[in-house]
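These notes are about the structure you will find just below.
Please treat every number below as a calculation from the coordinates, not as lab data. Because the structure is predicted, anything quoted here is derived from the model rather than measured. Cβ sites come from the backbone with ideal geometry, for glycine too, and all protein chains shown count toward neighbours.
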Amino acid sequence: MTGSEPFSIHALELGPMENFVYLIHDHASGRAAVVDPAWEVPEVLALAESRGVRITDILLTHSHHDHINGISDVLDKYDAQLHLMKDEAQFWGQALDMPTLHHGGDVIALGETEIKTLLTPGHTPGSACYHVGNELITGDTLFVFGCGRCDLNGGDPEQMFVTLRDMAERLPAETVIHPGHNYAEKTRTTMHEQVEGNPFMHFDRPEDFVHYRMHYHDKHRDSPYGPVCRGEEMQ
């Protein structure tokens with residue numbers, strides 16, 4: 001990121017599952033959005049205080065417990081607006097207090113910072129990524145040299161195949177990826193690095209992707225993940 005950008009993204013690694021919780025800080029307004037608040041929320045609140053920002057928005061990439069268990073603690077401190085995809089709200093099925101529901105392509109205004117919502121199903125039906133400038137917060141859709149599981153409630157490997165191919169085709173190669181977990185040898189990456197080295201992005205046929213995601217990967221590949229050359233996915 002350069003000094004000319006209207007925002008900063010700050011990351012905290014929290015909890016037993018190596019979750020990344022992100023704070024998007026709009027410089028002009030002093031507002032901040034927290035993405036997937038969970039686990040040690042006092043650390044998130046302390047980060048906001050140290051940066052002199054107020055949390056006005058909560059963005060959810062999806063509704064699994066390890067990404068949402070700190071929502072109430074944030075709301076105890078700040079009168080923040082909750083944002084998630086309409087498809088995810090329907091999947092989650094919770095009685096939420098007046099959330100803002102989005103479709104893919106909606107833009108959230110955080111002061112002078114525009115946050116574009118991307119609907120990226122596969123891990124859950126309404127999984128979302130948040131595109132801010134040249135940065136993309138991907139939750140459990142895309143990890144560094146990995147992707148989210150599709151065998152949990154709501155997962156669909158065929159949808160994940162389509163989502164990842166669409167991201168590879170539509171997003172600029174220099175897009176910086178901020179994943180939902182620290183599962184790799186580095187904490188962030190670029191789309192170019194993922195197209196080249198992420199085995200989940202090397203398949204041309206959905207049936208091959210489904211076999212690799214559902215039956216092969218977890219038995220043959222351990223974290224921290226590193227790059228995989230094309231053609232070596234199942235060797």
TODO: With the checklist (1) more than 23 Å from PHE20 (Cβ to Cβ); (2) within 22 Å of the chain's Cα centre (by Cα); (3) surrounded by fewer than 17 Cβ atoms within 10 Å (Cβ to Cβ) in hand, flag the one item ASN153 doesn't pass.
DONE: (1)
- [ ] Quickly run through the stretch 35-66 and pick out the residues that are buried (at least 24 other Cβ atoms within 10 Å of the Cβ), over 14 Å from LEU12 (Cβ atoms) and either hydrophobic (A, V, I, L, M, F, W, C) or more than 20 Å from the chain's Cα centre (by Cα) (or both).
- [x] LEU59, LEU60
- [ ] Scan the stretch 62-82 for residues that are touching a residue at least 40 places away in the same chain (Cβ under 8 Å) and closer than 13 Å to HIS102 by Cα and report the count.
- [x] 1
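Rundown of residues vs (1) touching a helix residue (DSSP H, G or I) at 6+ places or on another chain (Cβ under 6 Å); (2) surrounded by fewer than 16 Cβ atoms within 10 Å (Cβ to Cβ); (3) among the polar types (S, T, N, Q), yes/no style:
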| residue | (1), (2), (3) |
| --- | --- |
| ILE68 | no, no, no |
| ASP73 | yes, no, no |
| TYR78 | no, no, no |
| ASP97 | no, yes, no |
| LEU101 | yes, no, no |
| ASP106 | no, no, no |
